[in-house]
Each structure stands twice: as C-alpha cells, then as structure tokens.
Amino acid sequence: MRDDVSPWRFATRGDGRRSIVFNAVVESNARGQGIEGKESVVVGARAVVLGAVCATLGRVSGLSGADSSGRRNTLVLSAIGGRVGRPKGLYRWVRPDERVRIAAGLGAGESPGELALRFGCSVRTVQRIGDESLLVRRRVSDSSRWLSFEERERISRGIAAGESDSEIARALGRHRSTVGREIRAGCGQRRGYRALAAERKSRERARRPKPTKLSLLPRLLAEVEAGLERCWSPQQISARLKLEHPDDGEMRISHETIYQSLFIQSRGELRRQLSANLRSGRGRRRAQGREDHRGRITQMVPISARPPEIEDRAVPGHWEGDLLIGAGGRSAIATLVERQTRYVLLARLGNDRTTRHVIEALKQRIQDLPSHLVRSLTWDQGRELAAHQAFTIDTGIDVYFCDPHSPWQRGSNENTNGLLRQYLPRKLDLAARSQIELDHIAAELNGRPRKTLQWRTPAEKINELLLR
C-alpha cells in the first residue's frame with residue numbers, strides 16, 4: 001500500500017448514509033483482487049490483515065455491512081448504527097414451516113446436501129434440524145426392543161460417572177448385554193460414547209430398505225446362482241463357499257440369506273425361477289409328515305436287535321432302504337443309502353412292486369460292491385420286503401426292520417428320499433424313467449457336498465473306502 005494514500009476515509013453514498021471506506025492498493029505484477037472478510041493482502045514483504053481492521057472499525061464506530069466499490073480494491077463499512085451484523089451471504093435463517101419440510105424430507109430419505117441447496121441453508125443446519133426432530137420423536141420410548149435417546153443419555157452419564165455396564169443396566173431396567181452392545185455399536189469404546197452420536201448411528205442403521213449382500217457382490221451372486229442351478233441346497237452352497245474360498249471374506253453368505261433372496265420377491269437378487277431348483281420346489285417352507293399304516297411282516301428282525309456298531313456309523317457297509325412312489329401310487333423305485341458315507345443307489349421297479357421283483361432289483365444293484373461294503377440293510381415295514389429271509393440267504397446280508405411309524409430310525413434314507421423328490425416329484429410316472437436316468441440322478445446326489453461329511457461328497461467318501 002502506498003504511503004501517500006490514506007488507509008481510510010469518510011464518504012457519502014447515494015442513499016445519504018455515511019460510510020468509512022478502507023483503501024487498499026495491491027502492488028504486484030498481477031491485477032489486484034477483491035478483498036473480503038479476513039483475507040490478507042500481501043504487499044511486498046508486508047501483510048495487511050483486513051479482518052482485524054474491520055473488527056476494530058466496527059467496535060469504534062458501530063458499523064455493519066460490507067461491499068466493494070469495484071474500481072479500486074475498496075472495502076466499505078456502512079454506518080447504519082447498532083452492533084456489527086453478519087455480512088449477507090449464502091445462508092439465511094430457516095423459518096419454522098421450512099424446518100418442518102426439512103424434517104419431512106430427511107424422513108423421506110433425501111440427502112442433507114440436496115435439502116441445504118433447496119432451502120438456502122448449510123448442511124450442518126439441515127443435520128441439526130434432523131437431530132432435533134428425531135429427539136422429539138424418540139426422547140422417551142417404552143419399547144422393550146429399542147433404546148430411547150433418554151436411555152442413551154443415561155448411559156453416557158453413567159460412563160462419565162465410572163459406572164459399570166451392570167450398574168447402568170439396573171438403572172435402566174435393561175440387560176447388561178444390551179448396554180454393552182449399545183456402547184460398542186455407538187462409538188466403539190466407552191470413553192468415546194456420546195448419546196447424540198449413538199442416536200444418529202442408530203437412525204442410520206434403522207433405515208430401510210438396505211442394500212443386500214448379494215446385490216453388492218456380483219461375484220458372490222454368480223456363485224450362488226451356479227449352485228442353485230446344480231440343485232444344491234442353500235446350506236450346501238454356503239458351506240462349500242467357505243471351503244473353496246477360505247481366505248476371501250466377501251465369498252461368505254448365510255443359507256438363510258439365500259432363502260430370503262428366493263422367497264422375498266421384493267429383494268430380487270436371485271432369479272425367481274431358481275426357487276424351483278430347491279428340493280421342495282416351493283416358494284415357501286412348511287412342515288411335512290404323514291403316518292404309515294401298512295401291515296406287519298412275519299419273522300422280521302426288529303431294529304432293536306441291530307448291533308451297536310451299526311447305530312454309531314463307525315463301520316461302513318450298513319445300508320438303509322425304502323421305496324419312492326410315483327404318481328397315483330402305481331410306479332416306484334427302490335432307494336439304498338449307505339449310512340456312513342451317504343452314498344446312494346437307485347433301482348428301477350417300474351409298475352411292479354412285488355416282493356420278488358424288489359429283491360431281485362436290490363440284488364442286482366449291490367452285486368458289484370465288495371463284501372465289506374455290504375453288511376446289513378435296514379428297511380421300513382413295507383410289504384415289498386416280505387421275503388427278507390430269502391434275500392438274506394441269497395446275499396448274506398442281514399435285514400432289520402424299523403418300528404411302526406418311526407421314519408427317523410432310517411434318517412439317512414428319509415433325507416435322501418426328500419432330495420430325490422427334487423428330481424422325481426410325486427406327480428411323475430417313475431416307470432417312464434430308465435435305469436440310466438436313475439443312475440445319472442444318483443451320481444448328482446453323490447456329488448453334492450454334505451454337512452455331516454464335513455462338506456465332502458458321498459462319492460469322495462466311498463472312493464476312499466474302495467481304495468483301502
């Protein structure tokens with residue numbers, strides 16, 4: 001600034017008001033720039049802090065307001081009397097009716113930035129209005145599930161007073177684990193817990209709808225769809241992903257998440273038609289069960305006489321069997337499941353369910369297995385195995401029969417029959433299926449990972465026994 005130029009002067013404006021004009025001439029190679037607020041003007045090695053001058057003039061003269069005259073770098077302080085006011089800028093006071101509209105916009109999911117632009121206020125003002133409206137709604141709550149802001153304030157005061165989680169919980173009438181979870185979720189550590197910050201985080205977590213894991217991870221979605229197309233159950237898919245991707249945290253999903261993505265149509269991550277690949281083929285789950293009223297078989301050996309090593313599955317070679325019935329009860333296939341490995345064999349029966357035909361079909365299916373893998377057979381009390389003594393004489397395999405109406409005594413076989421219904425529904429004529437088709441279905445089942453086998457497949461387990 002030149003020494004021959006007075007740093008300020010009085011001037012009369014067009015509206016008759018007296019103004020004190022501060023003159024600042026910038027001596028530099030570049031063209032001088034306007035001066036505002038607390039910016040500094042560098043003149044050579046000197047800096048003139050205009051904000052301090054403005055504050056001093058305001059206190060001395062009772063001036064307020066600021067503008068620029070344009071041609072020179074001039075800051076005008078208008079003498080209108082009273083205290084120093086805030087310069088006119090982007091933001092303004094928000095009217096009560098606008099506060100209501102801002103709160104409604106936040107509740108509808110609009111961002112604070114959008115609302116700030118619309119109402120001409122700062123983002124922080126919008127956030128503060130949202131916090132105030134939230135506290136009005138949730139200041140006091142009688143819910144047994146969610147904490148109110150008043151309870152969060154009590155937690156904050158308790159932490160400041162050095163109280164333990166149990167002491168705070170007793171004061172609130174809550175369980176101590178509720179208080180512990182709230183502190184961890186609110187701020188991560190006790191000394192950093194703040195009631196308002198915890199309330200804001202709780203509100204963010206409660207927003208619905210939330211993006212699901214499958215919608216955010218396309219690679220995981222592709223793996224789940226591939227598993228469903230192979231007719232794997234959601235639990236098999238979930239466990240197999242852990243085995244195939246042990247170090248990839250993104251390739252983790254709960255079987256319940258897969259079920260919800262299939263059954264809740266609004267989610268829409270998985271194609272709706274994939275639910276037909278589930279074992280039940282239905283869009284929702286329900287309990288199943290029916291009683292068996294078939295007659296008894298003469299000279300049968302009860303399951304209670306079965307040796308203990310069969311019960312605990314310690315020794316391989318013990319099988320469970322039953323018939324799978326087709327449409328109208330006219331056709332059937334015989335199913336055999338090895339208890340230790342869950343290996344499946346299927347025998348085509350067509351429309352002939354006589355005991356002679358069933359026994360011949362079973363003998364044909366097991367004839368290629370080594371003797372140490374065919375030791376006993378557990379069957380239900382169906383009349384199709386009435387000639388069990390002849391079967392034992394011909395094959396050397398002991399046959400045991402379950403108690404009436406006790407399908408859980410052949411749990412592996414019942415579970416397998418449920419799996420087979422995915423391929424062979426009740427309304428299907430099983431006589432139309434060839435033995436080659438049945439072998440293909442059995443191969444698919446034997447290639448599925450099983451939870452009880454530590455997610456190995458029955459084919460892998462039976463191969464280990466064959467190589468011994």
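The values are calculated or read from the model by the stated rules, or taken from the named source; none is laboratory data. If you're wondering where the values come from, they're calculated on a predicted model, not measured in any experiment. Don't worry about glycine lacking a Cβ; one is built from the backbone with ideal geometry, like all the others, and counts go over all protein chains shown.
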Kindly provide the set of residues from the range 400-413 that are crowded, with 16+ Cβ neighbours inside 10 Å and in a helix (DSSP H, G or I), ordered by number.
-> 407, 409, 410, 412, 413
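A quick yes/no check of all residues on (1) out of contact with any Phe, Trp or Tyr (no Cβ under 7 Å at 6 or more places or on another chain); (2) assigned by TED's automatic domain parsing to the domain that holds residue 110:
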| residue | (1), (2) |
| --- | --- |
| 183 | no, yes |
| 189 | yes, yes |
| 199 | no, yes |
| 218 | yes, no |
| 221 | yes, no |
| 228 | yes, no |
| 231 | yes, no |
Say we look at the range 370-399 and pick out the residues that are closer than 23 Å to residue 341 by Cα and aliphatic (A, V, I, L, M); which of these is surrounded by the most Cβ atoms within 10 Å (Cβ to Cβ)?
-> 377
Can you find a residue in the range 154-168 that is at pLDDT below 90, of a type in the set (A, V, I, L, M, F, W, C) and either farther than 24 Å from residue 128 by Cα or surrounded by fewer than 17 Cβ atoms within 10 Å (Cβ to Cβ) (or both)?
-> no
Is at least one residue of the range 268-284 modelled with pLDDT of 80 or more, surrounded by 20 or more Cβ atoms within 10 Å (Cβ to Cβ) and not assigned by TED's automatic domain parsing to the domain that holds residue 414?
-> no
Please tell me if residue 261 is in contact with a Lys or Arg (Cβ under 6 Å, 6 or more places away or on another chain) and at pLDDT below 90.
-> yes
What residue, among those in the range 349-363 that are over 49 Å from the mean Cα position of the chain (by Cα) and in a helix (DSSP H, G or I), is surrounded by the most Cβ atoms within 10 Å (Cβ to Cβ)?
-> 359
Inspect the range 366-373 for any residue being over 29 Å from residue 312 (Cβ atoms), in the same structural domain as residue 317 (by TED's automatic domain parsing), out of contact with any Phe, Trp or Tyr (no Cβ under 8 Å at 6 or more places or on another chain) and in contact (Cβ under 8 Å) with a residue 60 or more places away in the chain and give the result as yes or no.
-> no
Please list, ordered by first then second residue, the pairs with beta carbon atoms under 9 Å, 6 or more apart or interchain, first in the range 311-339 and outside any strand (DSSP E or B), second of a type in the set (Val, Ile, Thr) and crowded, with 22+ Cβ neighbours inside 10 Å.
-> 316/341; 326/333; 339/378
Can residue 385 be described as closer than 14 Å to residue 323 by Cα and within 45 Å of the chain's Cα centre (by Cα)?
-> no
